[in-house]
Amino acid sequence: MPCNLKRMSLTPDEVLHIARLARISLTETDVARFTAQLSGILEHFAALSALNTDGIEPTTQPVPLYNVMRADLVASSLTRNEALANAPEQEDGLIRVRAVLE
Amino acid sequence: MSEELWRMTAHEAHEGLRARAFTSVELTESVLQRVADVEPRVHAYITLSADLALEQAREADAKFESGTATPLTGIPVGVKDVIVTKGVRTTAGSRILENFIPPYSSHVYEQLRRSGAVMVGKTNMDEFAMGSSTEHSAYGASHNPWNLELVPGGSSGGSAAAVSAGECLVALGSDTGGSIRQPAALCGNVGLDPTYGRVSRFGIVAFGSSLDQVGPIGRDVEDVATMLDCISGHDPRDSTSNPEPVPDVRHYLGQDIRGMKVGVPKEYFIAGMEPGVRARIDEALKALEGLGCEIDTSLSLPTTEHALAVYYLIAPSEASANLARYDGVKYGYSYREGASMWENMEQTRARGFGDEVKRRIMLGAYALSAGYYDAYYLKAQKVRTLINNEFKAAFDKYDVIVTPTSPTVAFPIGAKLNDPYAMYLNDVYTLPASVAGLPSINVPCGLSEGLPVGLQIIGNFFDEGRIISAAHAFETTFGWANRLPDL
């Protein structure tokens with residue numbers, strides 16, 4: 001879907017929307033600061049839209065390898081205690097989390 | 001005698017260790033004493049591992065006794081805090097990982113340990129390697145050993161500062177868009193960013209997965225070659241790790257570079273480059289000519305100017321996905337006072353991340369979001385292809401491409417902190433090779449206003465050997481190796 005890259009500035013509502021997508025809580029002063037800064041950065045990216053990329057394949061990584069496979073072998077991994085050692089809260093050998101469904 | 005051992009390069013120290021002129025314990029104690037003397041002013045480290053270092057030094061001395069030592073055995077090394085080290089706190093410069101003790105080690109740290117190297121500590125860095133000055137570290141900025149009021153560059157600024165200040169002999173950094181080469185330039189060191197895929201990313205805290213590479217910083221080209229040999233090679237735990245055989249790059253030291261074809265792209269000589277930097281680069285090109293290189297300044301890489309936009313769309317997009325894992329559930333800082341699971345997660349990330357990390361996550365989330373994906377992320381990936389194609393065509397004609405590493409020398413702490421785009425411009429000369437995945441090296445080429453200037457040599461894919469030959473020949477004729485600032 002083509003969109004208008006001429007309009008490079010972000011609104012405070014758009015910044016709040018992005019922050020929600022990224023799961024970052026913002027204060028009002030955060031929103032004002034990031035709106036100005038992100039708009040300023042995006043302005044510099046407008047020139048990209050002028051480049052002709054018709055028929056050009058996107059690069060996902062510069063030195064591609066295809067179908068990297070390994071043998072499906074049983075091997076040792078972290079123990080349960082090692083895997084849990086950094087968990088903020090645990091119970092009965094499991095990570096304890098808040099209810100996801102309320 | 002032992003109090004000056006920290007001044008040695010790793011290869012000089014290796015000769016001393018081999019001849020039993022001193023032990024690794026003595027060498028390590030000398031470095032730790034130097035750390036005690038200068039670290040309050042330099043702040044190169046986030047975490048010191050002095051007791052572990054002395055234990056590793058004792059093991060190294062035993063290897064010399066048993067005849068199993070390698071060139072890095074017993075050498076004190078600084079390790080960037082983005083590199084996961086089992087049992088030693090790894091923060092990636094972030095508050096969100098303040099108490100993270102890794103249960104496993106990265107491939108590169110395993111390789112260092114296998115070689116018998118000694119880890120002094122974990123070096124300071126911009127949070128999640130996002131920055132060019134170390135000012136975005138949650139643990140405070142590092143100071144440039146050449147002038148303590150200036151930044152050391154970034155994001156591997158702690159590693160570069162530690163090498164220059166004598167707080168280790170060599171160090172590991174990581175480079176996503178210039179994070180090894182730019183601080184090496186600003187601190188007067190040699191720093192090498194390998195070809196994407198040359199070094200395993202297993203156990204590297206992820207930032208931009210199609211760009212991240214670990215590489216060495218040292219006081220001369222030989223030390224950097226030795227470190228690269230230690231960490232290179234295939235690792236099945238990283239599916240982007242290249243399975244091709246790896247040549248021993250130390251063989252490329254001391255080579256005659258007569259007839260080497262050097263392309264100098266005109267797009268790199270732009271407004272914004274300091275006259276003092278320009279003068280040193282012009283002199284360096286003359287020195288390469290004197291070594292018999294064929295210098296061609298007619299090379300044009302017209303898409304160069306777009307590399308910055310491409311990088312700052314692709315790297316933040318990848319970062320926004322990679323950093324989704326910091327949710328306060330499995331490990332890391334966790335806010336727990338909220339009314340709901342979502343509030344806890346949003347507060348965990350609001351309190352755990354610094355501003356630059358938030359900016360990049362949001363920039364990436366925006367570039368990937370519905371309605372903007374084609375215009376931003378996909379467009380950037382296509383322009384990335386154009387940049388790669390230009391480099392590929394250039395390497396049909398040239399053996400190496402030579403440019404400045406940074407448009408300026410080190411700048412004052414605080415000067416660019418409130419202008420994110422001005423900070424991004426520090427990497428304008430290092431971003432194109434990163435975007436293309438090409439290997440590149442910074443080698444010091446003199447001083448401007450008393451501060452180091454760096455020359456960047458870019459090579460073809462997996463041709464680290466040739467850039468090491470060129471950098472070593474230049475360093476030898478230029479006579480800069482192992483020059484340390486008064487501190």
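The values are calculated or read from the model by the stated rules, or taken from the named source; none is laboratory data. Everything numeric in this text was worked out from a predicted model, so none of it was measured. Here the Cβ is made from the backbone with ideal geometry for all residues, glycine too, and neighbour counts use every protein chain on show. Only protein heavy atoms, including side chains, enter the accessible area calculation; ligands, DNA and RNA are left aside. Shrake-Rupley method; radii C 1.70, N 1.55, O 1.52, S 1.80 Å.
Details
- The distance separating the Cα centre of the stretch A:46-82 from that of the stretch B:249-266 comes to 32 Å.
- Of all DSSP beta bridges in the protein assembly as shown, antiparallel share, percent nearest 5: 70
- FRET efficiency, 1/(1 + (r/R0)^6) with R0 30 Å, evaluated for B:Ser300 and B:Ala415 via beta carbons: 0.40
- With a 10 Å cut-off around each Cβ of A:27-37, the average count of Cβ atoms from other chains is 2.
- In the context of the full set of protein chains, residues of chain B present 31 Å² of accessible surface per residue (probe radius 1.4 Å, heavy atoms only).
- Dipole orientation for the stretch B:1-127: of the candidates B:Ser105, B:Thr90, B:Ala13, B:Ser105 has the Cα lying most toward the positive pole (charges on Cβ; Lys, Arg +1; Asp, Glu -1).
- Set of the stretch B:383-418 residues, backbone N closer than 17 Å to the point 7 Å along the Cα-Cβ line of B:Phe269: B:401-408
- For the stretch B:317-371, a simple Cβ point-charge model (Lys and Arg +1, Asp and Glu -1, everything else neutral) yields a dipole of about 100 debye relative to the Cα centre.
- Accessible-area value, B:Tyr421, 1.4 Å probe, nucleic acids and ligands omitted, Å²: 40
- Proximal charge balance of A:Ala87 [Cβ under 13 Å; K/R count +1, D/E count -1]: -1
- Here the spin labels are modelled as points 7 Å beyond Cα on the Cα-Cβ line, and at B:Gln255 and B:Arg41 they lie 4.1 nm apart.
- Using Cβ point charges alone (K and R +1, D and E -1), the dipole size of the protein assembly as shown about the Cα centre works out to roughly 780 debye.
- Virtual spin-label span in nm between A:Val31 and A:Asn52, 7 Å along Cα→Cβ: 4.4
- In chain B, a dipole from Cβ-located charges (positive for Lys and Arg, negative for Asp and Glu) runs towards its positive end, and of B:Tyr421, B:Ala319, B:Ser156 it is B:Ala319 whose Cα lies farthest in that direction.
- Size of the protein assembly as shown: Rg and Dmax of its alpha carbons, in Å, are 23.2, 74.
- For the stretch B:68-103 and the stretch B:2-43, distance of Cα centres in Å: 19
- Distance-filtered residues of the stretch B:14-43 - backbone nitrogen under 17 Å, label point 7 angstrom along B:Glu149 Cα→Cβ: B:41-42
- Counting, for every residue in B:313-320, the Cβ atoms of other protein chains within 10 Å of its Cβ and taking the mean gives 1.
- Its DSSP H runs of at least 4 residues, each contributing -39,500 (n - 2.57), put the calculated 222 nm mean residue ellipticity of chain B at -11500 deg cm²/dmol, to the nearest 500.
- Apportionment of accessible area to carbon and sulfur, the stretch A:20-76, percent (1.4 Å): 53
- Unsatisfied cross-links (Cα-Cα over 20 Å) in the set B:Lys261/B:Lys286; B:Lys266/B:Lys379; B:Lys358/B:Lys416; B:Lys86/B:Lys358; B:Lys266/B:Lys392; B:Lys63/B:Lys122: B:Lys266/B:Lys379; B:Lys86/B:Lys358; B:Lys63/B:Lys122
- Euclidean distance of C-alpha centroids, the stretch B:441-470 and the stretch B:297-356, integer Å: 30
- Measuring with a 1.4 angstrom probe and ignoring ligands and nucleic acids, A:Asp54 comes out at about 130 Å² accessible.
- Cα long-axis angle, helix A:12-21 against chain A (0 to 90 degrees, to the nearest 10): 20
- Over all distinct Cα-Cα pairs of the stretch B:260-395, the Kirkwood formula returns a hydrodynamic radius of 18.6 Å.
- In the B-A interface, the accessible area buried, summed over both sides, Å² (probe 1.4 Å): 5400
- Sulfur and carbon atoms: percent of accessible area, the stretch B:186-288 [1.4 Å]: 52
- In percent, rounded to a whole number, the relative contact order of chain A is 20, using alpha-carbon pairs under 8 Å and six or more apart.
- Here r is the Cβ-Cβ distance between A:Leu16 and B:Lys330 and R0 is 35 Å; the resulting FRET efficiency, rounded to 0.05, is 0.80.
- For the stretch B:70-170, applying the loop criterion from DSSP together with a ceiling of 11 other beta carbons within 10 Å to the GluC sites (Glu not before Pro) yields B:Glu149.
- Per the Debye calculation on the stretch B:324-463 with a single equal scatterer at every Cα and no solvent contribution, log₁₀ I(q)/I(0) for q = 0.16, 0.17 Å⁻¹ amounts to -1.05, -1.09.
- Once all protein chains are placed together, B:His306 keeps about 20 Å² accessible to a 1.4 angstrom probe.
- For the stretch A:69-101, a decrease in accessible area of 20 Å² or greater in the assembled protein chains relative to the isolated chain, with a 1.4 Å probe, applies to A:Leu78, A:Glu82, A:Asn86, A:Pro88, A:Glu89, A:Ile95, A:Val97, A:Arg98, A:Val100.
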